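I have placed the structure first, in the form of structure tokens, so that the comments after it can refer back to it.
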Amino acid sequence: MVKFHEVVRVQVPAKINLALAVGPRRVDGFHDLTSVFQAVSVYDELTAVARTDGQIILTMSGLGSTQLPTDEQNLAVRAALLLRERRGRPEMGANLTIDKAIPIAGGMAGGSGDAAAALLGCNEIWDLELSVDELRELGTEIGSDVPFAILGGNAVGTGRGEKLTPLSADGELNWVFALAEEGLSTPQVYRSFDQLAEAGELTPDVHLDAGSLEALTSGDVNRCAAALRNDLCAAAVALRPALAATLAVSAEGVLASVLCGSGPTVAFLCTDEQSANLLAEKLPEHEGIRDAIPARGPVVGPSVVRSVVAG
Ligand code: C5P
């Protein structure tokens, strides 16, 4: 007799920061931020199938996946464990697979995206019926970027980046992401930021003026390019001086470059899709750039598809 089981597939987009204004270090070690998030068309895909023996087993494939742990150090496993703990259902298990396209330790919320996908996927296969708001709240405990990974589109994040106000934005932006040979650790970049602040080489400033916010969401690509901002840039360059050369790459149809989150991925904003495709072909010729991915933004948040398969 043919057996059937349910599979849930979640596609989760990467994020970039059109602006990242960083305040001083708080007593809890985090930094207050004003972050203008945009979800972009680079996706990790998670599948989830329920198990009844309480085991959570993760298998990974795709970009850089062999570098990642598959035990509870992995944010997706942490998210699944947290979800079932809060529901008091330790017997629930899952087979999770993640196919990665979002760069690892690249500043594009790949780990947070996987955690978001695990929360959404396990909520479905375990029939928990938590609302998206409840999942976002839970996501905050895993990482500052998880709530936005669940939301998608464009949003302003305050607090440590987890308090979100969705933004409507006109127009589509064409990006190219330059992937570095090696990732950067987010806590290390923030430490480098603190050191530069202590040395008086930068002044933490969480304020983002209304004019910049308006320009970033105006749909006018030239005004958006002029308003891009990332306060972690100097800190990331201090740790990885080669990034300065990547940020300085210019080509026809390229309006501006900006660091993604805590780096080291660099985003180039292009006038149109054709310029973006041309730049993506050329970028890997530059030293220190491993690969380049064209993409567009904003895109909607994760898609969750539930299906029944034989086997
Ligand atoms: O929240 P998340 O796990 O992404 O944060 C990773 C690290 O980045 C934190 O432990 C902290 O060192 C730093 N961070 C910060 N301020 C934020 C977000 C992250 O200092 N708003």
Fill in: Interchain or long-range residues, amide H under 5 Å from ASP32's placed H
GLY23, ARG26
Worksheet, complete the sentence: With region 158-257 reduced to its Cα atoms and the Debye formula applied, log10 I(q)/I(0) at q = 0.13, 0.14, 0.17, 0.24 1/Å amounts to -0.62, -0.72, -1.05, -1.34
Discussion item. Can you give me the C-alpha center-to-center distance between region 179-256 and region 20-40, rounded to a whole angstrom?
Written reply: 13
Worksheet item: Assuming R0 = 35 Å, what is the FRET efficiency of LEU81 and ARG290, from their Cβ-Cβ distance, to the nearest 0.05?
Response: 0.60
Fill in: Nitroxide proxy distance, nm - points 7 Å out along Cα→Cβ at ALA242 and ALA210
4.5
Practice prompt. Could you calculate the contour length gain from VAL2 to ASP170, that is, 0.36 nm times the residue separation minus the distance between their Cα atoms, to one decimal place in nm?
Written response: 55.5 nm
Discussion item. Just to confirm the number: angle between the C-alpha axis of helix 110-125 and the first principal axis of the chain, 0 to 90 degrees, nearest 10?
Written reply: 30
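Just to verify a number: FRET efficiency for ALA226 and VAL132, C-beta to C-beta distance, R0 = 35 Å, to 0.05?
0.55
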Fill in: Nearest-ten-degree value, helix 186-198 long axis tilted from longest Cα axis of the chain
30
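Over all alpha-carbon pairs in the chain, figure out the percentage whose distance exceeds 33 Å.
Working: 11453 of 48205 pairs.
Here the long-distance tail beyond 33 Å is 24 percent of all Cα pairs in the chain.
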Discussion item. Per 0.36 nm of contour for each residue apart, how much would the distance between THR140 and GLU273 grow if the chain were fully extended, relative to their Cα-Cα spacing?
Written reply: 44.4 nm
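Region 163-267: which trypsin sites (Lys or Arg not before Pro) are DSSP loop and have at most 12 other beta-carbon atoms within 10 angstrom?
Values: sites: LYS163, ARG191, ARG223, ARG229; in loops: none.
Taking region 163-267 and a limit of 12 other Cβ atoms within 10 Å, no loop trypsin sites (Lys or Arg not before Pro) are found.
Restricting attention to region 88-193, which GluC sites (Glu not before Pro) occupy a DSSP loop and are surrounded by at most 15 other Cβ atoms within 10 Å?
Working: sites: GLU91, GLU124, GLU129, GLU134, GLU137, GLU141, GLU162, GLU172, GLU181, GLU182; in loops: GLU91, GLU129, GLU141, GLU162, GLU172, GLU181, GLU182.
When the GluC sites (Glu not before Pro) of region 88-193 are filtered for loop state and at most 15 Cβ neighbours within 10 Å, GLU91, GLU129, GLU141, GLU172, GLU181, GLU182 remain.
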Fill in: Helix 273-282 axis, angle to the chain major axis (alpha carbon atoms, nearest 10°)
90
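No value in this document is a laboratory result; all are computed from the given coordinates. All values reported here derive from a predicted model rather than from experimental measurement. Because the Cβ atoms are built from the backbone with ideal geometry, glycine has one as well, and the counts that use them run over all protein chains shown.
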